[in-house]
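Structure first, commentary second.
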Amino acid sequence: MYHYLYRLDCIRTGEFYFGSRTSKKHPTLDSYMGSMKSWKPNKNELTKTILQTNFSSREECIAEERRLILENKDHPLNRNYHIPGVGYHTVSLGVYIDGNGNIIRMERNHPLVLNGELKPIW
C-alpha cells in the first residue's frame, strides 16, 4: 500500500486543496482527484501534485495533511474545510455561507455568525 499526500490546484481560479490517500497503485498511477465535500470544482480544471510518498502509515500521512492544512488555513484560496482528526471548530473557526451563496471562513463567535446572518455551510 502507498500512503501519499497530494495537492489539487484549479488552473482557472488558483484555488487549492490538500489531501491524503492510501492506494494499492503507485501515486503517479492513481487517478483519484479528492473527496472534497464543500468545494465542487470542475475536475477537468484540476492539476494534481504528489507532495510526499514516504509515509510508513496512514496515520503519519494524515498527520502531515493536517499540518499543511493548518499552515494554510488562513489563505483565501485554500478550499480545505475540514482538518482530519481536528476540525476547524477546535481552532475557533467555522465555515459559513451568506445570503448570496458566498462561502466564508470565520470565527464562531463573530457577530454575523451569532446573529444568524451567516449560516453554517453544513
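The values are calculated or read from the model by the stated rules, or taken from the named source; none is laboratory data. The model shown is predicted, which means the values in this text are computed figures rather than measured ones. When we count neighbours, we look across all protein chains shown, and the Cβ atoms used for this are built from the backbone with ideal geometry, even at glycine. Note: accessible area is taken over every heavy atom of the protein model, side chains too, but ligands, DNA and RNA are not part of it. Shrake-Rupley method; radii C 1.70, N 1.55, O 1.52, S 1.80 Å.
Quick rundown of the values:
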item: First in segment 49-61 and more than 15 Å from LEU8 (Cα to Cα), second anywhere and outside any loop (DSSP other than H, G, I, E, B) and of a type in the set (S, T, N, Q), Cβ under 7 Å, 6 or more apart; result: ARG58/THR22; CYS61/SER20
item: Subset of segment 67-94 (residues that are modelled with pLDDT under 85 and within 12 Å of the chain's Cα centre (by Cα)); result: TYR81, HIS82, ILE83, PRO84, GLY87, TYR88
item: Residues being of a type outside the set (A, V, I, L, M, F, W, C) and closer than 19 Å to TYR81 by Cβ - total across segment 11-31; result: 7
item: Scan of segment 27-48 for residues that are farther than 18 Å from TYR2 by Cβ and in contact (Cβ under 8 Å) with a residue 40 or more places away in the chain, ordered by number; result: MET36, LYS37, SER38, TRP39
item: Scan of segment 1-40 for residues that are of a type in the set (Val, Ile, Thr), more than 21 Å from TYR96 (Cβ to Cβ) and open to solvent by less than 60 Å² (accessible area, probe 1.4 Å), ordered by number; result: THR22
item: Positions within segment 13-50 being outside any loop (DSSP other than H, G, I, E, B) and acidic (Asp, Glu), in sequence order; result: GLU45
item: Test: ILE104 is under 23 Å from LYS119 (Cβ atoms) and open to solvent by 20 Å² or more (accessible area, probe 1.4 Å); result: yes
